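Visitor: I have a structure I would like to understand better, so I am pasting it below and will then ask my questions one at a time.
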Amino acid sequence: MSTLPDDLRLLHRLIANCTLCPLHKSRTMAVPGHGDPEARVMFVGEAPGFHEDRQGLPFVGAAGHLLDELLQSIGLDRSEVFITNVIKCRPPGNRDPLPAEIEACAPYLDKQVELINPEIIVTLGRFSMARFLGPSASITRIHGQPRLADERIVLPLLHPAAALRQERFRAQLQEGFLVLKRLLSGELPPELRKEPPPGPPPQQLSLF
Ligand code: SF4
């Protein structure tokens, strides 16, 4: 994993000291994100939980262990990807993030995407999916189906915490990670393939 470049380190320092929404009052630590600043894949979850809030790192609780397992199942380590959340501070009692909190925190995620510039964004859970694919996107309909959003591949997946609650979601998540593996190996579904730029018309062979 590369060390953080100055611009990303500065951004994470801003997040660590941010007071833009009321969540700063109840947090222990903000959780800007962690991983390879040159990663091809960025995972975006929902919000820090209890353990993340204590350690200042994303996905370090039970859902994080499952995420590690899923990464390993496709030959990846978390040091090779970048992991963050839609909002960077823990909502009290792990409640859902409020629209105003998501809006206040949005510029930080936007800037992370700009600086890291991943090929693929994997959204984990509905709040992250809505952030990239719009509020009408339905995880039950499009789970594991990559989309293009702002010229970037977005792969919507369930949040690993859902798979901890219901075993049947674990298999779905595993399938979603296999889709990620195929995307990383360059296998794109037809709807995501860009047409080759129009070239000159083929020259006719003239023998006379
Ligand atoms: S959740 Fe985001 S906007 Fe709110 S205090 Fe934390 S870093 Fe700032």
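Visitor: Going through segment 79-150, which trypsin sites (Lys or Arg not before Pro) have at most 14 other Cβ atoms within 10 Å and a DSSP loop state? Don't skip to the end; give the middle numbers.
Guide: Numbers: sites: K88, R95, K111, R126, R131, R141, R147; in loops: K88, R95.
Within segment 79-150, the qualifying trypsin sites (Lys or Arg not before Pro) (loop, at most 14 other Cβ atoms within 10 Å) are R95.
Visitor: A follow-up question, please. Only helices at least 20 Å long along their own axis, judged from Cα atoms, and with Kyte-Doolittle mean hydropathy of -1.0 or greater: name those in the chain from DSSP H. Present the calculation step by step, with values, prior to reporting the outcome.
Guide: On the way: long enough: 99-116 (25 Å, 0.16); 167-184 (26 Å, -0.07).
In the chain, the long hydrophobic H runs are 99-116, 167-184.
Visitor: Give, as a single signed number, the net charge of other residues whose beta carbon lies under 11 Å from the beta carbon of D53, with Lys and Arg counted +1 and Asp and Glu -1.
Guide: Working: positive: R27, R54, K88, R90; negative: E52.
Summing Lys and Arg as +1 and Asp and Glu as -1 gives +3.
Visitor: Do the sum for the chain: with -39,500 (n - 2.57) for every DSSP H run of n ≥ 4, divided by all residues, what is the mean residue ellipticity at 222 nm, to the nearest 500 deg cm²/dmol?
Guide: Details: 9 runs with 87 residues, N = 208.
Result for the chain, helices only: -12000 deg cm²/dmol.
Visitor: In segment 101-138, which residues have a backbone nitrogen under 11 Å from the label point lying 7 Å from E187's Cα in the Cα-to-Cβ direction?
Guide: none
Visitor: Summing +1 for each Lys or Arg and -1 for each Asp or Glu, what net charge is found among the other residues whose Cβ lies under 15 Å from the Cβ of P5?
Guide: Values: positive: R9, R13, K111; negative: D6, D7, D36, E38, E114.
With Lys, Arg at +1 and Asp, Glu at -1, the net is -2.
Visitor: Rounded if a/c is under 1.5, else prolate if a/b beats b/c, else oblate: with a ≥ b ≥ c from the C-alpha gyration tensor eigenvalues square-rooted, which is segment 1-67?
Guide: Details: a/c = 2.16, a/b = 1.10, b/c = 1.96.
Oblate is the answer for segment 1-67, as a/c is 1.5 or above yet b/c matches or exceeds a/b.
Visitor: What does the charge add up to near M29, with Lys and Arg as +1, Asp and Glu as -1, over the other residues with Cβ less than 14 Å from its Cβ?
Guide: Working: positive: R13, K25, R27, R54, K88, R90; negative: E52, D53.
Within the 14 Å Cβ shell, the charges total +4.
Visitor: Further, regarding this structure: Just check segment 38-186 against the gyration tensor rule for me: Cα atoms, a ≥ b ≥ c as the square roots of the eigenvalues, rounded for a/c under 1.5, and otherwise prolate or oblate depending on whether a/b exceeds b/c.
Guide: On the way: a/c = 1.29, a/b = 1.13, b/c = 1.14.
Because its axes are fairly even, with a/c under 1.5, segment 38-186 counts as rounded.
Visitor: Turning to a different aspect of this structure: Do any GluC sites (Glu not before Pro) in segment 1-110 lie in a loop, going by DSSP, with at most 14 other beta-carbon atoms within 10 Å of their beta carbon, and if so which? Please list the in-between numbers first.
Guide: Working: sites: E38, E46, E52, E69, E80, E101, E103; in loops: E38, E46.
Passing both the DSSP loop test and the Cβ count: E38.
Taken together, the values in this text are just the output of simple stated rules run on the coordinates, not laboratory data. It should be emphasised that the depicted structure is a prediction, and the values quoted were computed from it without experimental measurement. Don't worry about glycine lacking a Cβ; one is built from the backbone with ideal geometry, like all the others, and counts go over all protein chains shown.
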